[in-house]
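This report refers to the structure that appears directly beneath it.
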Amino acid sequence: MSVTRSACPYDCPEGCSLLVETDGNTVTAITGDPANPYTNGWVCGKMRKLPQAIHGPDRILTPLRRTGPKGAGQFAPISWAEAVEEILTRWKALIAQYGAETILPYSYAGTMGAVHRNCGEGFFHALGASRLVRTLCSSGKSAGWQTVMGDSCDLAPWDLLHSDLILLWSANIPATRAHLGPILRQAREKGTKILLIDVYENPSASLADGTILVRPGSDGALALSILQVLAAEGLTDEDWLAAHATGWETLKATLGRWTPEATQALTGLAPEAVRSLARAYGRAKAPAIVLGSGFSRSGNGGEATRAIAALPAAVGAWAKRGGGTYGVCSSPSLVDKSLVKLPHLAGSTQQVNINRLGPALAGEDVKVPIHSLYVYHANPAAVTSDQGAILRGLAREDLFTIVHERYLTDTARYADLVLPAPYMVETADLYTAYGYRQIQYVDPVVAPPGEVKSNWEVFSLLARALGLDDPHFSRTPEDLCRELVEKSAALTPEEKARVLAGEPVVLEAPFPLPIGTADGKVHLADPSPITWYPPHGGPEPFRLVCAPAIASLNSSFQELAAPSLPVFRMNAADADALGLAHGDRAVCANDLGEVVCAVALDKAVALGTVVAEGVSPGQGTVNTLTHPRLSDLGEATTLNDNTVSVRPAG
Ligand SMILES: Nc1nc2c(c(=O)[nH]1)N[C@H]1C(S)=C(S)[C@@H](COP(=O)(O)OP(=O)(O)OC[C@H]3O[C@@H](n4cnc5c(=O)[nH]c(N)nc54)[C@H](O)[C@@H]3O)O[C@H]1N2
Ligand SMILES: Nc1nc2c(c(=O)[nH]1)N[C@H]1C(S)=C(S)[C@@H](COP(=O)(O)OP(=O)(O)OC[C@H]3O[C@@H](n4cnc5c(=O)[nH]c(N)nc54)[C@H](O)[C@@H]3O)O[C@H]1N2
Ligand SMILES: [Mo]
């Protein structure tokens, strides 16, 4: 038995450092590495189960060619030479007919490694393919934050030990920030008050003193009401605002519109509840907001982020240790990923927004029609909005689809060619966490099984086959990681040496945190005073929200799950009015389609709201009901901004 250091590759703020136990060929256990003080020797249940996935019976081990109808999942093994030859022949013919923009790469966050996540971008730039605008997750939040705070980063998780009031705002700690749990418990033991602000009583409620249930899409209005009360009751820090903010007087002049009475119909909150929340926030010594992303996946998500970002400024929280926000931008870029993404090779090719794959495959949004789709470390048939449109697109006979995957995902089932992909223990890469300032280089722990090739290996192979002779494509991931570390402007020579020796390196957040705007000030009215406007919404009576599940990560870990009906949570009074009891089957519907689900009533949910935790495999999942509309700022997903009707299943 041997134990080797590795790192979690998944798209999760925790960025855990791992110890991987093997018997030489087989991974027998995965635990947390105590050398990373935040991971602190333990990892989530998903990661502990990963060895079963790595050595699972359904793992794809060779390239596969489709032998049945698209979507049927019938394939026969072929060699890499045959797979590359087929890609070359089909792409050359398509490029001759339509130009290289007819090829659309589709990738998101199956792996967060600096090399394997980003290397396809360089390849597709060199090829001249269409460009994917990757705004599937929290770009609305980032864009809203940027207008107020510029490139500012926020607190380190352990800084919250200095806070005396923590608002868990649209964040599911046990699911997506598990290592914050012990910190929050410790803070609470010292007397810190913790409140959850969400559309349902997510598992974070167990860490909080109370839950405030808001209507989806109303968070910006709630934040403006808090600002209104703070200003009206003299709870703002005028000295800090005068020295460190611009636009406060302009914003303040608009706040009369946002009294708790005026926003009650939007948020569903009694004015007194908002006043007492505002007073608690205004009187706290060092209030912190742990800000998740769910609220921002909305047509008004960018503006809502601006309103929430104004709160710590209004009370001067950034000047107090433990005051401010955690979870917005928790790490500056520690390495320059353009070394892998090669933006200098990008031409002015057409762009396709990642959220609009369905429309793009139907010929909308594009000048050059898409006739080939190359999917790697993403599962759009499951996770991207408007599943119906995506499945119709993937079923097109005139679409040549290649999917680089580890098992037959919903997307891979529609591929013409499937290429076998690795788990992180089989590759070298450099990981930078996004929930705190951490960086770790990892070597492979075991050899890849069968004919498995990493993202980098496949793109190098295709680059050579296509005659893209840039010497970049002959490099190795190890060599690229070394250069990324050596050229880092954020690390000291000593830190670089530790990273290159394979140690997890964790950095502190400076105090006070520098404000990352050009003038070093928080912008409260630039380009316009912060406001609230309605989300996209829709005509159906219930608002549908997607929330993370504890046992899966988007569609990752589905390889370990048994197929099941999607579970939709509702408010008990709403369910009662529809004649629905806990566990009943119901149909949720809107103009995009219908989903049969099991209704759960065992957790409090805001009135008029339906919550779908996780993404279930197969057709007719929650993303059947999510529109491919974009957010106000950042062109982001609006996954949480849809309406549905609900009826008992007949
Ligand atoms: N176990 C697990 N871990 C994960 C993931 C997972 O799916 N499962 N996903 C990973 C990824 S890709 C990401 S981006 C992060 C996400 O991590 P977070 O940012 O913490 O999670 P979100 O998906 O944004 O959802 C958090 C909460 O937002 C709430 N919410 C939705 N709409 C609204 C609203 O309008 N207002 C309010 N106040 N709350 C709302 C949901 O009910 C949910 O409880 O976690 C990562 N880690
Ligand atoms: N309904 C609903 N929809 C959602 C969400 C939700 O909570 N609910 N979450 C949204 C969010 S926040 C995000 S970020 C997106 C995430 O969307 P995606 O980035 O598509 O994430 P996953 O569903 O985790 O799928 C990643 C796939 O990459 C594969 N993979 C992993 N490592 C590698 C590798 O090294 N190489 C290759 N080729 N493949 C690899 C995995 O097997 C997996 O199938 O989903 C969004 N969609
Ligand atoms: Mo995400």
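Roughly speaking, what is the centre-to-centre gap between the stretch 588-604 and the stretch 1-40 when only Cα atoms are used, to the nearest Å?
37 Å
If you average the sequence gap of Cα pairs under 8 Å that are 6 or more apart and divide by the length of the chain, what percent do you get for the contact order?
Relative contact order for the chain comes out at 22 percent.
Pop out the carbon and sulfur fraction of the accessible area of the stretch 542-648 as a percent, whole number, probe 1.4 Å.
On the stretch 542-648, the fraction of accessible area on carbon and sulfur atoms equals 56 percent.
Taking all protein chains in place and a 1.4 Å probe, what share, in percent, of the accessible surface of the stretch 2-54 do carbon and sulfur account for? Before the final figure, lay out the partial values.
On the way: 990 of 1960 Å².
On the stretch 2-54, the fraction of accessible area on carbon and sulfur atoms equals 51 percent.
For the stretch 405-512, which whole-number percentage of the solvent-accessible area (1.4 Å probe, protein heavy atoms only) is attributable to carbon and sulfur atoms?
Ligands and nucleic acids excluded, carbon and sulfur reach 51 percent.
Calculated FRET efficiency, Ala497 and Ser2, Cβ-Cβ r, R0 22 Å, to nearest 0.05?
Calculated value: 0.35.
Please grab the % of Cα pairs in the stretch 2-54 that end up more than 13 Å from each other. Before the final figure, lay out each step's value.
Numbers: 733 of 1378 pairs.
The share of Cα pairs beyond 13 Å in the stretch 2-54 comes to 53 percent.
Just going by the charge dipole of the stretch 434-585, with Lys and Arg at +1 and Asp and Glu at -1 on Cβ, which of Phe557, Val445, His536 is farthest out on the positive end?
Ranked along the dipole, the leading option is His536.
Under 18 Å Cα to Cα from Lys70, which aspartates and glutamates show up? Leave out anything in the same chain fewer than 8 places away.
Partners within reach: Glu86, Glu397, Asp398, Glu405, Asp410, Asp416.
Give me the distance in nm between label points sitting 7 Å out from Cα along the Cα-to-Cβ direction at Ala346 and Ala561, one decimal.
My value for the distance between the label points is 3.2 nm.
Taking R0 as 51 Å, what's the FRET efficiency between His582 and Asp469 from their Cβ-Cβ distance, rounded to 0.05?
E(calc), rounded to 0.05, equals 0.20.
Of all DSSP beta bridges located in the chain, what percent are antiparallel, nearest 5?
50 percent
Say each of Ala76 and Asp443 gets a label point 7 Å from the Cα, pointing the same way as Cα to Cβ; how far apart are those two points in nm?
4.2 nm
Towards the positive end of the charge dipole of the chain, with charges on Cβ (+1 Lys, Arg; -1 Asp, Glu), say which of Ala649, Ala129, Leu592 has the farthest Cα.
The residue sitting farthest along the positive end of the dipole is Ala649.
Going Cα to Cα from Lys337, which lysines come in below 23 Å? Please leave out same-chain ones fewer than 8 positions away.
Partners found: Lys141, Lys453, Lys487, Lys496.
Could you state how much accessible area Arg475 has, in square angstrom rounded to the nearest 10, with a 1.4 Å probe and all protein chains kept in place?
Arg475 has an accessible surface of roughly 60 Å² with all protein chains in place.
Hey, quick one: spin label on Ala573, modelled 7 Å out along Cα-Cβ, who in the stretch 252-285 has an amide N within reach, i.e. under 13 Å?
268-270
Which one, Leu94, Leu104, Pro182, projects farthest toward the positive side of the charge dipole computed for the stretch 57-195 from Cβ point charges (K/R +1, D/E -1)?
Pro182
Apply the a/c threshold of 1.5 to the C-alpha gyration tensor of the stretch 120-255 and tell me whether it is rounded, prolate or oblate. Display every interim value, and only then the final one.
Working: a/c = 1.91, a/b = 1.25, b/c = 1.53.
Taking the square roots of the gyration eigenvalues as a ≥ b ≥ c, the stretch 120-255 is oblate.
Where in the stretch 463-488 is the amide nitrogen less than 20 Å from a point lying 7 Å along the Cα-to-Cβ axis of Leu88?
It comes to 463-475, nothing else.
For Asp239 and Glu364, what does the FRET efficiency come to when R0 = 60 Å and r is the distance between their Cβ atoms, rounded to the nearest 0.05?
Efficiency computed from Cβ-Cβ geometry: 0.70.
Which lysines, on any chain, are close to Lys603 with Cα under 24 Å apart, when same-chain ones fewer than 8 places away are left out?
Candidates past the 8-residue exclusion: Lys46, Lys193.
Would you mind getting the accessible area per residue of the chain, heavy atoms of the protein chains only, 1.4 Å probe, in Å²?
35 Å²
Please work out the C-alpha center-to-center distance from the stretch 462-528 to the stretch 233-247 and express it in whole Å.
Between the Cα centres of the stretch 462-528 and the stretch 233-247 lies a distance of 34 Å.
Once every DSSP H run of n ≥ 4 in the chain is given -39500 (n - 2.57) and the sum is divided by its residues, what mean residue ellipticity at 222 nm do you get, rounded to the nearest 500 deg cm²/dmol?
-8000 deg cm²/dmol
Normalise the Cα radius of gyration of the stretch 460-594 by 2.2 N^0.38 Å (N = residues in it) and let me know the number.
1.83
The values are calculated or read from the model by the stated rules, or taken from the named source; none is laboratory data. Since the model is a prediction, treat every value here as computed from it, not as a measurement. Virtual Cβ from ideal backbone geometry, glycine too; neighbours counted across all protein chains shown. Just so you know, the surface numbers come from the protein's heavy atoms only, side chains and all, with ligands and any DNA or RNA stripped out. Shrake-Rupley method; radii C 1.70, N 1.55, O 1.52, S 1.80 Å.
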